[in-house]
1. For region 289-352, what value does the Rg/Rh ratio take when both radii are computed over Cα atoms and Rh is the Kirkwood radius, given to two decimals?
2. Towards the positive end of the charge dipole of the chain, with charges on Cβ (+1 Lys, Arg; -1 Asp, Glu), say which of Q354, P479, S659 has the farthest Cα.
3. Would you mind checking which residues have amide H under 5 Å from F332's amide H? H placed 1.01 Å from N; only 5 or more apart, or other chain.
4. When the Karplus curve 6.51 cos²θ - 1.76 cosθ + 1.60 is applied with θ = phi - 60°, which whole-Hz ³J(HN,Hα) does each residue of region 270-286 get, with x for Gly and Pro?
5. At 1.4 Å probe radius, can you tell me the per residue accessible area of the chain in Å²?
6. Decide, for region 598-697, between rounded, prolate and oblate: order the square roots of the alpha carbon gyration tensor eigenvalues as a ≥ b ≥ c, take rounded if a/c falls under 1.5, and otherwise choose prolate if a/b is larger than b/c, else oblate.
7. Tell me, what ³J(HN,Hα) does each residue in region 393-398 have, in order and in whole Hz, if you take phi through Karplus 6.51 cos²θ - 1.76 cosθ + 1.60 with θ = phi - 60° and put x for Gly and Pro?
8. Rounded to whole Å and ordered largest first, report the semi-axes of the equivalent ellipsoid of region 662-749 derived from its Cα gyration tensor (root of 5λ).
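The values are calculated or read from the model by the stated rules, or taken from the named source; none is laboratory data. Predicted model, so just to flag it, every value in this text is computed and none were measured. Note: ideal-geometry Cβ built from the backbone for every residue, glycine included; neighbour counts use all protein chains shown. These area figures cover heavy atoms from the full protein model, side chains too; ligands, DNA and RNA do not enter into them. Shrake-Rupley method; radii C 1.70, N 1.55, O 1.52, S 1.80 Å.
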Amino acid sequence: SNEFFLIRFNSSSKWNRNMAKYKSTEQVMKIISDKNKIRNFGVIAHVDHGKTTMSDSLLAHSGIISPSSAGSALAMDSMKAEQERGITIVQANVTLHYQEGENDYVINMIDTPGHVDFSGRVIRSLRAIDGSVVVCDAVEGIMTQTETVTRMSLEERVRPVLYINKIDRLIKELRLTPEKMQETLASVVSNFNDLIDTYAEEEYKEKWKVSIQDGSVTFGSAKDRWAINIDIMKKKGVTFKDVIDAYSDSGNLEELIEKAPLADAVLGMVVKHHPPPHVAQKYRVPKIWKGDLDSDIGKSILNCDDNGPIVMMIVNMTIDPAAGPVAIGRLFSGTIKDGQTINIIDTKREGRVQSVNFFMSNVREQVGELGAGNIPALLGLTEARAGQTVASVKDIGLFEPSKYVSEPVVQMAIEPKHPKDLPQLVETLRKLTIEDPNLVIKIDEETGETIMAGMGVLHLDVAVNLIKDAKIEIITSEPLINYRETILGSSDAVMAKSPNRHNKIFMAVQPLEPEIAEMCRDGTLSEMKDKKETAQILRDHGWEPDIAKKVMRFDSRGNVMINGTKGVQFVDESTDSILSGFEEVMSEGGLTKEQVRNCKFTFTHFVPHEDTAHRGLSQLGPAARRACLGAFLSAEPMILEPMLAIEVRVPTDLIGNVSSVLQGKRGKVLDMQQKGAASIVIGEVPAVETFDISEKMRGQTAGKAIWNTHFKAWTPVPKSIGPTLLQEIRKRKGLSPDPPQANEFIDRD
């Protein structure tokens, strides 16, 4: 029979008897035919708080890696770069079999990255799961990224539980008394519940708070492979005193590990507190899918119905060297089988499923078919991409796009050392962007350079190493910061003529409200959405009903174009041509050819030529571009730079040194917190100033500072450096040092 490699957990087994077992596909299918026996969860946390080490301990308990190497094997980190850097870069899926008493469970686990440069992967993974285990360092407590990933989890209606890791540090490093230890841990739980209070929707605020008393909080040491919660303490008779004794000179740590293995506590908590898929979908689907919930398709998705139409959202793509692209996602409805033809709804294409698989860490197992509520890995959908909806029916609403917390702020130019390698480089870059949609590749049309943009320097560094792993020698430029352009003021309507002078386009611009711009960027407002619904959102934000109905384009960079013309002929048939000019300016603004954001353009009047031949794309596109540029440059244009939040962990006596480093980098300190023996300095610093911050920080703190940064906001460049920076960017792009003036684009009658 077709053997399915399953990791088996048995609560009563000891290490030597608890080795990996094989189960046939039929047995697995029997377990998952009862939706109550399925759990889908993800491991999320701040970088270095121990997620992957915890996942190792779960795998070690099953015998898939040896117990002695758990905590150092990093089995879920299958990429060479992950092993070398000691961080998780890509999310890894693994399916676990867990037995509690007489009940068997199939648990799909996703280990996600903690470093903020890879947060896009965390956000996409959350769409596939129903529960999250938030891992938190007992000493450092709730850190910035803990807050970010918990917020993401709550926004997706993914229920969080808390695993407080590195309890051994409280005993061995801080030497806390049992009372002080209790106080420290209670404070972490309380701070975590504050996050739930802040970010959860009203309905879930109280329901989802974690508690030591109900077993939704687990304490342990992933490195040492033990964990306890209230249920384990009652069942096994283990107390906190036993934990403290285990780390004393005469203590027996092995005894604690055998008595309270980490897998029992963590997976027991998952089974008890995370919902099975058919329960979770009833409250998750209304948030993540905006189709008609009363339709047959809607009911099928809500009820996680195996017999309904296939509806799946792809959350991750990987490239298998032998089999090609593998589409991994959550199946919300229907049963997907080998050989089926399904529709990729976003691109209106079809694809054929060659085979349906489960993912076992980085190993795929073919299963033939899977029902709703599972996380299938599909071969054959070569055109599919992460974030897309696939279905067996054509007319179906899309799933809400994932809302990313960051955007590409760093870029570099890249070229092959040997021109003959260009086709191979193009193919490798194509594969990289399939696997990582947050990596942006574009060709600079004027210079012919290939530009690669990412979330941070580490993101680009990892991409460069993946290209080198493909045996391509490349030359890269120094990392450069991306900027944005916007306006401070408004402009009256300006007029531009087409190249043949026969068409006139009038355009005005004003700043767009930040919350509307944000909705354009996260996909809440787009042309794909229902027109009445988008008009209602705009009216709710104070827009006049007439204007709310006349939006021609919601630009994903956070701009809008409104049709303000009245009683003018040929507007509808000219819309695409006019929008092409608008799009061109939004992607390359008038100051530095950087993207434009937060602008509200109004197309106020149109004087077209009567003859179609004289008002085609080649005439109206350039006219619209000139009109948009003329309006933009008349409205106090300015450059925005990316500001990063920075969090520095440092001995208390060195806080002043950290402050002086930040101030020397145009940054500032916003807050300070005491965490154990160290202090956490929270501040902000412009991204452009961070390239050599490592040397400065090391020099000032004798290497005792640990820090991380993440994108915070786009902020105006200070007036003192604005003109110089503007000239530098233009020079770098091969443009004349001084930006154009508005009157270069505005025509007078």
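1. On the way: Rg = 13.1 Å, Rh = 13.0 Å.
In region 289-352, Rg relative to Rh is 1.01.
2. Q354
3. Close amide H contacts, sequence-distant or interchain: V311, M312, M313, G373.
4. Values, residue by residue: 4, 5, 6, 9, 8, x, x, x, 5, 7, 5, 5, 4, 9, 7, 4, x Hz.
5. 41 Å²
6. Values: a/c = 4.93, a/b = 4.32, b/c = 1.14.
Prolate, because a/c is 1.5 or more and a/b exceeds b/c.
7. Each residue's phi maps through the Karplus curve to give 10, 8, 9, 8, x, 7 Hz.
8. 40, 15, 9
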